[in-house]
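Quick notes on the structure that follows.
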Amino acid sequence: MVTLTIGGTVAGTLLGTAAYMAPEQARGKKVDKRADIWAFGVVAWEMLTGDRLFQGEDTVQVLGKVLEQPLDFDRVPARFRKLLGRCLDRNPKDRLRDIGEARFLLQAPEVDNTTSSPTIPISKHSRWLWPAVVTFLLLVLTPATSFTSASTRPSARHSSTLCPRRKKSGPSTNSRSRLMAITW
């Protein structure tokens, strides 16, 4: 279910796969990187549950569910509920600021263990499901956090100065190189 535009994107038009569109994108509003965080949340939810999050007979039905369907986080393992709740918040201002924050939510201590998640029948695919989810999250989060942490560091001031080179004694002194660059 893809909505396409011909001739590139135009404000107010839809471009993308309906089931992974953020609500603001489905409404034709301006989107930013938080729309990608929504799509990440949808993919992660689907990987963790084994089911599609938003389904419908056509694109209009799917978009309607993206905009209004209540999300059942009880189907997701407790460890991932907070992360997916922040990724799939319909208000983009309440979503993760950037995907690097997901690492911190995954590293947070587990929530109350007295509330148990419902038992999900184990399928023959369950042996590879968890390694696949962890690998996916690591592949997505590792480069994102490296980029985020590098981009949030205060930039160092770099400066160069040309200084007269001290004369060296001995045969290795080059008479043409009288200046030396110092960078800090």
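The values are calculated or read from the model by the stated rules, or taken from the named source; none is laboratory data. It should be emphasised that the depicted structure is a prediction, and the values quoted were computed from it without experimental measurement. Virtual Cβ from ideal backbone geometry, glycine too; neighbours counted across all protein chains shown.
Scanning the range 51-84 for residues that are within 21 Å of residue 136 (Cα to Cα) and assigned to a loop (DSSP other than H, G, I, E, B) yields a total of 6. Kindly indicate which of 54, 40, 73 is touching a Lys or Arg at 6+ places or on another chain (Cβ under 7 Å), within 21 Å of residue 93 (Cβ to Cβ) and either modelled with pLDDT under 95 or surrounded by 12 or more Cβ atoms within 10 Å (Cβ to Cβ) (or both). Unique residue meeting the criteria: 73.
Could you list, in sequence order, the residues of the range 85-109 that are within 18 Å of residue 54 (Cα to Cα) and in a loop (DSSP other than H, G, I, E, B)? Those that are within 18 Å of residue 54 (Cα to Cα) and in a loop (DSSP other than H, G, I, E, B): 88, 89, 90, 91.
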